[in-house]
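Asks: Next up is a structure, given as C-alpha cells.
The values are calculated or read from the model by the stated rules, or taken from the named source; none is laboratory data. Treat the numbers as computed from the prediction; the structure is a model and nothing was measured. Reconstructed Cβ throughout: ideal geometry from the backbone, glycine too, with neighbour counts over all protein chains shown. To get the accessible areas, we keep the full protein, side chains included, count just its heavy atoms, and leave off ligands, DNA and RNA. Shrake-Rupley method; radii C 1.70, N 1.55, O 1.52, S 1.80 Å.
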Amino acid sequence: MFRRIDDAVRPAGITIWFEGQSLHAQAGDSLAAALLIHDAGAFRTTPVSGAPRAPYCLMGVCFDCLVEVDGVPNRQACMIEVRDGMQVRRQHGPAGVADDG
Amino acid sequence: MGGTAHDAIVVGGGLVGSAIALGLADAGLSVTLLDEGDVALRASRGNFGLVWVQGKGLPLDGYAPWTRRSSDLWPDFADRLTGETGREIDYQRQGGFHLCLNEEELQARALLIKRLHNQAGPDGYDCRVLDRDDLRQSLPGIGDAVVGGTFCPYDGCVNPLALLQALHAAGQKCGVTYLPGRRVDRIEGSGTCFAVRSGAEIHRADRLVLAAGLANRPLGAWIGLDVPVSPERGQVLVTERAQPWLDLPTTYVRQMKEGSVLLGDSHEDVGFDTGTTVAVTGDIATRALRTFPALAHLRVVRTWGALRVMTPDGCPVYDESDAHPGAYAVSCHSGVTLAAAHANVLAPAIADGSFRNIFAGFTGRRFDVSAH
Amino acid sequence: MDSADVAIIGAGPAGLAAAETLAAAGASVVLLDEQQMPGGQIYRGIEAVQALRRQTLSLLGSDYAAGATLAKALRNAPVDYQPGSMVWDVSRDLVIHYSREGRSQGLHARHLLIASGALERPVPIPGWTLPGVMTVGALQILLKSDGLVPRVPLVLAGSGPLLLLLAVQLLKAGAPPAAIVETVPRRAYRSAARHVPRALQGWRSLMKGRRWIRTLTHAGVPWYRGCTNLRVEGADRATGLAFHHAGRTETIAADVIGLHQGVVPNVQLTRLLDCEHVWDASQRCFRPRLDDWLATTVDGVSVAGDGGGIFGAVAAEWQGRLAGLNIAHRLDRLPSAERDRQAAPMRAALARERTVRPLLDTLYQPPPDVLRPADEVVVCRCEEVSAGRIREAVRLGCSGPNQAKSFLRCGMGPCQGRICGLPVAEIIAETRGVDLDDVGYYRIRPPLKPLPLMELAGLAADNDPAQ
C-alpha cells in the first residue's frame, strides 16, 4: 500500500520474516512501516470478535498494530525497529500462555 | 413533611446493598436503593469474584455454616439472575485452590483447614491438603516454587462486576428504585419512620438498611449503632486478555472468562488511600510468576487499590438498632460469596421481623469489652 | 534509585526547550522519551531526515526543518537523555518508573515537567476500525520517519490544518490524495469569521493556510466541502469512503483512508497524578489546570506544550522555556527578577502564537456525530464497545466513565482509554443531559502502558538487596 520516496542515502538492507516469508527492509524502519510496504494486510485479529486490524495511529497509542515478535506476543509494531532475522507473526486474538514458560 | 415514601431504603449500591435490595423487593417491599456516583470506593472493584468456602469460618462460630449456606444457594441464585436479566455473570462452582510457596505456609494452612474440619462437625468440610504432585494433576502449569496447597470442591467464582450489574438489573425488574449520585448526608429516625437526606432530597421509609461499606461507621452513628469497620487495602493487578489457560480459581491468581488474569492480593492498613505502590505490585507479580512461571510475558494493563470493609475479627457484622428498631447495618468483606444468602435469607428476615433472632450471633456487640 | 533535579517526559519541542533551559541553568536533567530519536511527533525523524533525506526535508517544509535546531541543542547540552523509555508510573512524591530495553527502573526527581504532547482526536465513524483506515498523523509519521507515501488511492477526510498540510506534502511527493472530504459545515465559516481580526495578528499562519488551499486547488485535487455522515466501506479492509455531500450520497474508492479531527491533550500522566483538570469547551477536551508558570495543582509537577491545551509546536517551545525558567527558579538557580525578565518576551511570543487559535478552534470544531457517534459505531476499539451499549448502561444508572468501564470494559484494553476516553465521556454527558465537567473522565492507574509481569517482578528483585 505504501512506497518509499526515492531520496534516501540507502541504509543497509536487512531481511525480516513475516509469517515465514522473507521480507526486505531497511535498517531504521519501524516494523509497522516495513510491513505496510509489503501489504501485510491485517496485523492482528481482536481478542473480542476476531476482527482484523492494522495500524491506526502509528505513535504507540492505539495498539492496533500488535504482532508477535520472536515469540513474544502483543508487541507494538510501530514502536519497534526492524532487526535482521526478526521473526514476526500476526497476533491472532489474545496472547497465549505457554506452560513451558 | 415532604419527601418520597417507601417501605425500605437501602443505603449503598454495592454488592451487599444491591443483593439486600433485591431480596427485600422479592419479599414484596417497595425499595429505594441510594448509591454514590461514578467514583465510589466500591469494594467490588477490588474483588476477585471468588465464591469461596475454604479457609473461612474462624473465629466466629456461625460464619463457616453461613458461608457454606450461601455457597449452596449460589447455583440457583446465579440461574435466577441470568434468567431474569439475560446477563451472563460467568458463575462456576468446580472447586478452587489455595497454593503455598513454602513449607511454613503449607503447614499453617493445613492446620487452619484441620480446625475448620473440627468446627464443621458432621456437615463435613471437604477441603483437602495436596502436595505439589497432586496439584500438578489439575494445575500442570505450577512452578517448582509451589510446595503444596489446598483444594475445596465447593469453591467457585463469578465475574464480580457483571454480578453487580445483574443485581442492579434484577432489582430494577423487581421494582427497586435505583438512585445513583446520592451521597447520604443525614439520617433522622422518629418512631419507626426514617428520613434520609441527600442534598436537597429527602427519602422516607419505615425500614432502613445501611449497606454502605466503610461509610456504615459514620452513618451508623445516626441510628445509634456503633459499626466497627475499617479499611484494609488490597492491591490488584489485571493483565491483558490471554488464551484460556487457568480454568479453576486460586486465591491469588484467577483467569476471568474474557481472558484477563487477576492477580492479588495484599493486606495493608493505609486508611482510605486507594493508590498502588510499586513495591507491593512488584511482590504480587513475583509471587504470581513463582506460582505460574508461564505468565512471564503477559502484560499488566492496570493496577489499583481497593478497600476491603474489615471488621475486627474479619467476620460479618449484622445489627438491628436498639434505639431505632427497623434500622439495620450490614457490614462484611465477602459481598460476592454472601450475595446469595444476603438476598435469600438476610433480606427476608429484615422484611418479616425475624432478623434479631436469626442473626444474634453476628452482632457487633461481640466486640464490646464489657461483654466479656 | 537514581535521582535528578528535574525529570522531563517527552522530547518534542516543549521537552527539548525545557531541557536546554534547565541544563543552561545548571540543573541536573533527565529527559525520558518513548521514541528512539528526539523531536516528538511534530519533528519526528528530524535528525535522520536532515542527514539523509533531502527531498523529504524539502517537501516537509521549513516549519519541520526548524526542529533540527532543538535536536542539535539537545545533543550539545549536559542532559541525561534516555530515548526508548516508556514511563509507566509516577507517584505523587515524584518517583518515576520507566521501562527501557526490557528492564524497568525508578528515578526520583525534585521536579517533573510533563511534555507528552497531544494525541489525535479519535474519529469514531462506521468502519473506522478496518485495516487501511489511519489517522492523518499516522500517514505523516510514515512520511517523516520512514519516507513512505501511499501508492494506492487515498482519501483524506475530516477537518483541520494538519489534514491540509499533509495533502500538500503528499502532493509535492507525487502521491496526491484521490480526494479531500472536508466536514467543516458552512455555518462554521460564519461563526469563525468574528475571530479573523484577532487571528490577523498571527498572519503568518493564515498566509500559510491560504497557500495550502491555493496549492491544492491549483493541482485540481477533488475537494468535497461540508460533508456529513462519513462511513468507511469494506468488509475486512477499507475499500472506500461514503458520505453525504450537497444532498447526495457519494462514494470514493480508496484503499487508505486518512481521518483527522484535530488533536487533543494527552492527559494520561496528569490524570495518573490526579492533577485537577478542566473541560475546555472551545477545544472540546479536558486539560490540566495550569497557573501562569504552567504548574499543575500537584506540587512540583508542570506541563508544557500541547499536553496543557492545543497551541502548536512553536507555542510548545516557548512554554518549555517558560516552565524551565520557573523550575530553575524553584531550584534556587535563577532569581525571580531574572526569571521574570527572561520570561517577558517569551510570554509576548506565546500570546502571538495563541491569536490564531480561536479561529481554528471555531472553524474546525468536530461535528456532533464524531463527538457522539451513532449507536452502532464502535467507540472503544480495544474492547469493541459500541456507543449504543454505553447509552444503554447510562439508562440503567451508570453515571460516569468509571462505572461504564466496570460494566462494559470500555477503556480496559491495552490502550487504556486513550482512544475512547473522550467519546465515552461525551456520550455519557449527552445521555444524562449534563456537562462534561460533571461527567469527568477515566481514572488513570499504573501502568500507563501494558507492562510484562516479568518486568514488574524483576523490579521487585532489583530493589530487594537495597532493603
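Asks: Using a 1.4 angstrom probe and counting only protein chains, how large is the accessible area of residue C:236 in Å², to 10?
Replies: 100 Å²
Asks: Under the definition of Cα pairs under 8 Å and six or more residues apart, what whole-number percent is the relative contact order of chain C?
Replies: Relative contact order of chain C: 18 percent.
Asks: Also, I was wondering about something else. Return the value, in Å² to the nearest 100, of accessible area buried between chains C and A (probe 1.4 Å, both sides summed).
Replies: Buried area between the two chains comes out at roughly 3700 Å².
Asks: So how much accessible area does residue C:203 have, in Å² to the nearest 10, using a 1.4 Å probe?
Replies: Roll a 1.4 Å probe over it and residue C:203 shows about 130 Å².
Asks: Subtracting the Cα-Cα distance from 0.36 nm times the residue separation, let me have the gained length for residue C:214 to residue C:236 in nm, one decimal.
Replies: Using 0.36 nm per residue and subtracting the Cα-Cα distance, I get 4.3 nm.
Asks: May I pose another question? When the accessible area of the protein assembly as shown is computed with all protein chains present and a 1.4 Å probe, what percentage of it is carbon and sulfur?
Replies: Carbon and sulfur atoms account for 50 percent of the accessible area of the protein assembly as shown.
Asks: Per residue of segment C:125-134, what does 6.51 cos²θ - 1.76 cosθ + 1.60 with θ = phi - 60° give for ³J(HN,Hα)? Whole Hz please, x for Gly and Pro, Karplus curve as stated.
Replies: So the Karplus estimates, Gly and Pro as x, are 10, x, x, 6, 8, 6, x, x, 8, 9 Hz.
Asks: Rounded to whole Hz and in sequence order, give me ³J(HN,Hα) for segment A:74-89 from the Karplus expression 6.51 cos²θ - 1.76 cosθ + 1.60, θ = phi - 60°, writing x for Gly and Pro.
Replies: 6, 8, 7, 4, 6, 9, 10, 8, 5, 9, 4, x, 4, 9, 10, 10
Asks: Sticking with this one: Using a 1.4 angstrom probe with every protein chain in place, what is the largest-first accessible-area order of C:54, C:381?
Replies: Putting C:54, C:381 in descending order of accessible area: C:54, C:381.
Asks: Relative to the present Cα-Cα distance, how much length would full extension add between residue C:93 and residue C:151 at 0.36 nm per residue of separation?
Replies: 15.9 nm
Asks: Something else: Under unit Cβ charges (Lys, Arg +1; Asp, Glu -1), what dipole magnitude, rounded to 20 debye, does segment B:245-325 have relative to its Cα centre?
Replies: Dipole of segment B:245-325, to the nearest 20 debye: 740 debye.
Asks: Treat every Asp and Glu Cβ in the protein assembly as shown as -1 and every Lys and Arg Cβ as +1, leave all other atoms uncharged, and give the resulting dipole magnitude about the Cα centre to the nearest 20 debye.
Replies: It comes to approximately 3460 debye.
Asks: Sort C:454, A:86, A:1, C:346 from largest to smallest accessible area, using a 1.4 Å probe on the heavy atoms of the protein chains.
Replies: Reading off the accessible areas and sorting them downward yields C:454, A:1, C:346, A:86.
Asks: Moving on to the next point. Looking only at other chains, what is the average number of their beta-carbon atoms within 10 angstrom of each beta-carbon in C:396-404?
Replies: That average works out to 6.
Asks: Find the accessible area per residue for segment C:122-261; the probe is 1.4 Å, ligands and nucleic acids are left out, and the unit is Å².
Replies: 42 Å²
Asks: Also, quick follow-up: How high is the FRET efficiency from residue C:281 to residue C:65, r the C-beta distance, R0 41 Å, rounded to 0.05?
Replies: Step by step, r from the Cβ atoms, then E = 0.70.
Asks: A follow-up question, please. Quick one: compute the contact order of segment B:153-246, relative version, from alpha carbon pairs under 8 angstrom and 6+ residues apart, as a percent.
Replies: Once normalised by length, the contact order is 14 percent.
Asks: Hey, what number do you get for chain C at 222 nm if only DSSP H runs of n ≥ 4 count, each worth -39500 (n - 2.57), divided across all residues, to the nearest 500?
Replies: Result for chain C: -11500 deg cm²/dmol, rounded to the nearest 500.
Asks: Ok, one more. As a test, work out the antiparallel percent of DSSP beta bridges whose residues both lie in the protein assembly as shown, rounded to the nearest 5.
Replies: Percentage antiparallel, nearest 5: 65.
Asks: Enter the per residue convex hull volume of segment C:307-463, computed from alpha-carbon coordinates, in Å³ rounded to the nearest integer.
Replies: With only Cα atoms used, segment C:307-463 gives 173 Å³ per residue.
Asks: Divide, for chain C, the radius of gyration over alpha carbons by 2.2 N^0.38 Å, where N is the residue count.
Replies: 0.98
Asks: Now for a different question. Distances longer than 42 Å among the Cα atoms of the protein assembly as shown: what percent of all pairs is that?
Replies: Of all Cα-Cα distances in the protein assembly as shown, 40 percent exceed 42 Å.
Asks: Let me ask you something else. Per residue of chain B, what 222 nm ellipticity follows from adding -39500 (n - 2.57) for every DSSP H run with n ≥ 4, rounded to the nearest 500?
Replies: Calculated at 222 nm, the ellipticity per residue is -8500 deg cm²/dmol.
Asks: How many square angstrom of accessible surface are buried between B and C, both sides summed, with a 1.4 Å probe and rounding to 100?
Replies: By this definition, chains B and C bury close to 3100 Å².
Asks: For residue B:126 and residue B:358, compute 0.36 nm times the residue count separating them, minus their Cα-Cα distance, and round to one decimal in nm.
Replies: Result for the pair: 80.9 nm of gain on full extension.
Asks: To the nearest 10 square angstrom, what accessible area does residue C:399 show with a 1.4 Å probe?
Replies: Looks like 20 Å² after rounding.
Asks: Tell me the relative contact order for segment B:1-132 as a rounded percent, counting alpha carbon contacts under 8 Å between residues six or more apart.
Replies: So the answer I get is 16 percent.
Asks: Please report the buried accessible area for the interface of A with B, total over both chains, probe 1.4 Å, in Å² to the nearest 100.
Replies: Interface between A and B: roughly 1100 Å².
Asks: Leaving out ligands and nucleic acids, note down the accessible area per residue over segment A:13-92 with a 1.4 angstrom probe, in whole Å².
Replies: Per-residue value: 34 Å².
Asks: For a protection proxy built on the mean count of beta-carbon atoms within 10 angstrom, sort C:173-181, C:125-133, B:71-79 highest first, please.
Replies: So the order, starting with the most tightly packed, is C:125-133, C:173-181, B:71-79.
Asks: Work out which GluC sites (Glu not before Pro) in chain C are exposed loop sites (DSSP not H, G, I, E or B, at most 14 other Cβ within 10 Å) and give the longest gap free of them.
Replies: Result for the longest clean stretch: C:102-275.
Asks: Under the Karplus relation 6.51 cos²θ - 1.76 cosθ + 1.60, θ = phi - 60°, what is the ordered set of whole-Hz ³J(HN,Hα) values for segment A:55-66, x standing for Gly and Pro?
Replies: Along segment A:55-66, the couplings run x, 10, 9, 6, 10, x, 9, 8, 6, 8, 9, 5 Hz.
Asks: Determine by what factor the alpha-carbon radius of gyration of segment B:237-372 differs from 2.2 N^0.38 Å, reporting the quotient.
Replies: Normalised Cα radius of gyration, segment B:237-372: 1.38.
Asks: Here is a follow-up. Nearest 0.05, what FRET efficiency do residue C:253 and residue C:349 give at R0 = 45 Å with Cβ-Cβ as r?
Replies: 0.45
Asks: Along its three principal axes, how long is segment A:13-92 when you only count alpha carbons? Whole Å, largest extent first please.
Replies: 37, 25, 22
Asks: What FRET efficiency do you get for residue C:391 and residue B:103 if R0 is 60 Å and r is their Cβ-Cβ distance, rounded to the nearest 0.05?
Replies: 0.60
Asks: Residues with beta-carbon under 9 Å from that of residue A:64, excluding residue A:64: net charge, scoring Lys, Arg +1 and Asp, Glu -1?
Replies: Cβ neighbours under 9 Å give a net charge of +3.
Asks: On to the next question. Per q in 0.13, 0.16, 0.17, 0.19 Å⁻¹, report the Debye log10 I(q)/I(0) for segment C:136-292, using one uniform scatterer on each alpha carbon and no solvent.
Replies: -0.75, -1.05, -1.14, -1.27
Asks: Quantify how strongly other chains surround peptide C:135-145 by giving the mean number of their Cβ atoms within 10 Å of each of its Cβ atoms.
Replies: 5
Asks: Sticking with this structure for a sec: Helix B:15-26 sits at what angle to the longest principal axis of chain B, using alpha carbons and giving 0 to 90 degrees rounded to 10?
Replies: 50 degrees
Asks: Under a crude label model (7 Å from the Cα following the beta-carbon direction), how far is residue B:39 from residue B:84 in nanometres?
Replies: Using points 7 Å along Cα→Cβ, the separation is 3.3 nm.
Asks: Dipole of segment C:218-261 (Lys/Arg Cβ +1, Asp/Glu Cβ -1, origin at the Cα centre): which of C:249, C:238, C:226 lies farthest to the positive side?
Replies: Going by the Cα projections, it comes out as C:226.
Asks: Would you please report the Å³ per residue occupied by the convex hull of the alpha carbon atoms in segment C:372-439?
Replies: 66 Å³
Asks: Looking at segment C:122-261, send over the antiparallel percent of its DSSP beta bridges, to the nearest 5.
Replies: 40 percent
Asks: What does DSSP give for chain B in terms of the percent of beta bridges that are antiparallel, rounded to the nearest 5?
Replies: Around 70 percent of the beta bridges assigned by DSSP in chain B are antiparallel ones.
Asks: Compute the distance in nm between two label points, each set 7 Å from the Cα along the Cα-to-Cβ direction, one at residue C:437 and one at residue B:183.
Replies: 1.7 nm
Asks: I'm a student and want to see the number: the projected area of the Cα convex hull of segment B:37-177, averaged over all directions, in nm².
Replies: With every direction weighted equally, the projected area is 10.9 nm².
Asks: In Å², what does the accessible area per residue of segment B:172-263 work out to with a 1.4 Å probe?
Replies: Spelled out: the 1.4 Å probe surface of segment B:172-263, per residue, equals 39 Å².
Asks: Give me the one-decimal nm value for the distance between modelled label points at residue C:198 and residue B:117, 7 Å along each residue's Cα-to-Cβ direction.
Replies: 7.9 nm
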